[in-house]
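This report concerns only the one structure given below.
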Amino acid sequence: MPGADIEICEDIADPIDWVPLLEGMDAVVHLAGVTSRPGISDERFDAVNHRATARLAAAARTIGVPLVFISSLSVQSGATADHELTEVDDPQPFGAYGHSKLAAERAIAASGVEFTIFRPVMVYGDKLRGYLASLARLARLPLPLPFGGFRNRRSLLGVNNLASAILFALRTKAARGCVYLLADPQPISIPEIVAAFRRGLGRRPGIFYVPAAPVRWLAQARQGSGAAVATGRGTELVVSVEKLMSAGWAPVTNTRIELERMMTAAKARNP
């Protein structure tokens, strides 16, 4: 940053004079925030995700640079949805986290800054977490898995597609003033995830059919097991990215390709 003495601040909820830090910038991409996890107070969510974002947006407006804000699908939905979600759906914020992100979006819109807002689904990268990490561990087992009965689908978002969407927003003035849902182009089911992981390991899918309900019951009876975490995702969460693609964004990859690639890379690191 030209000419500025930069002081590193560990907490963006602290008062920060953003204006001198933004001088000389072409744009601001705001991804920082408190994520939804146990032990975070409603006040903390609001202070970091909402009020700090409002101050940053006001500073960007003062400098005259556009802001790309990474919000969350929690603004619009909880962990499940009974239909394919689009931007037309009214916000139904999930928990204090979702409410704080929605408040941030509204503060950005009210600030007068040029903005693009993304509401991404769960983002995955080379370091898998949550139920994807559990499914990866199961996929490594030298056993067939009884997941053929799991037909529910979920939209995910790879970090490469997240990065490409951000670049699209920075380069496309027509995207200013818009809110977009963001996900990989096609939702994916549990057996498809396992099959992708096993292809990455150079193996066949090894999946056979058993009705989902008894498999889920058996897995959840083993509290704390990876199977319980993985098969607990028994409902759908499907997101449409048609609005963003109609604006000109093209995903650079899809979920199956990325999961296969990541497992191949993980196998190379840890044979």
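The values are calculated or read from the model by the stated rules, or taken from the named source; none is laboratory data. Not measured: the values here are computed from a predicted model. Cβ sites come from the backbone with ideal geometry, for glycine too, and all protein chains shown count toward neighbours.
Residue check, Arg55 against (1) under 24 Å from Thr172 (Cβ atoms); (2) out of contact with any helix residue (DSSP H, G or I) (no Cβ under 6 Å at 6 or more places or on another chain), all met but one. Which one?
(1)
Among (1) modelled with pLDDT of 95 or more; (2) in contact with a helix residue (DSSP H, G or I) (Cβ under 9 Å, 6 or more places away or on another chain); (3) among the charged types (D, E, K, R), where does Arg171 come up short?
Result: Arg171 passes all but (2).
Out of the range 199-211, which residues are among the basic types (Lys, Arg) and in contact (Cβ under 8 Å) with a residue 60 or more places away in the chain?
Arg199
Of everything in the range 126-146, what is without any contact (Cβ under 8 Å) to a residue 60 or more places away in the chain and either farther than 17 Å from Arg199 by Cα or aromatic (Phe, Trp, Tyr) (or both)? Give them in sequence order.
Once the filter is applied, which keeps residues that are without any contact (Cβ under 8 Å) to a residue 60 or more places away in the chain and either farther than 17 Å from Arg199 by Cα or aromatic (Phe, Trp, Tyr) (or both), the range 126-146 yields Lys127, Arg129.
Which one of these is surrounded by fewer than 23 Cβ atoms within 10 Å (Cβ to Cβ), of a type outside the set (Ser, Thr, Tyr), under 20 Å from Ile166 (Cα atoms) and more than 14 Å from the chain's Cα centre (by Cα): Leu85, Leu67, Leu102, Leu143?
Leu102
Being among the small types (Gly, Ala, Ser), over 17 Å from Ser164 (Cα atoms) and in contact with a strand residue (DSSP E or B) (Cβ under 6 Å, 6 or more places away or on another chain) is the filter here; which residues of the range 176-192 pass it?
Across the range 176-192, the qualifying residue is only Ser189.
Six or more apart or on different chains, Cβ atoms under 9 Å: show the pairs whose first residue is in the range 257-271 and within 14 Å of Leu132 (Cβ to Cβ) and whose second is of a type in the set (Phe, Trp, Tyr) and surrounded by fewer than 14 Cβ atoms within 10 Å (Cβ to Cβ).
none
Of all residues in the range 147-194, how many are touching a residue at least 60 places away in the same chain (Cβ under 8 Å) and more than 20 Å from the chain's Cα centre (by Cα)?
Residues meeting the conditions: 9.
With Ser74, Ser111 as the choices, which residue is in contact with a Lys or Arg (Cβ under 9 Å, 6 or more places away or on another chain), closer than 15 Å to Glu236 by Cα, touching a residue at least 12 places away in the same chain (Cβ under 8 Å) and crowded, with 19+ Cβ neighbours inside 10 Å?
Answer to the check: Ser74.
If you check every pair at least six apart or on different chains, which have Cβ atoms under 9 Å apart with a residue in the range 82-97 that is touching a residue at least 24 places away in the same chain (Cβ under 8 Å) first and a residue that is in a loop (DSSP other than H, G, I, E, B) and of a type in the set (Lys, Arg) second?
Tyr97/Arg37
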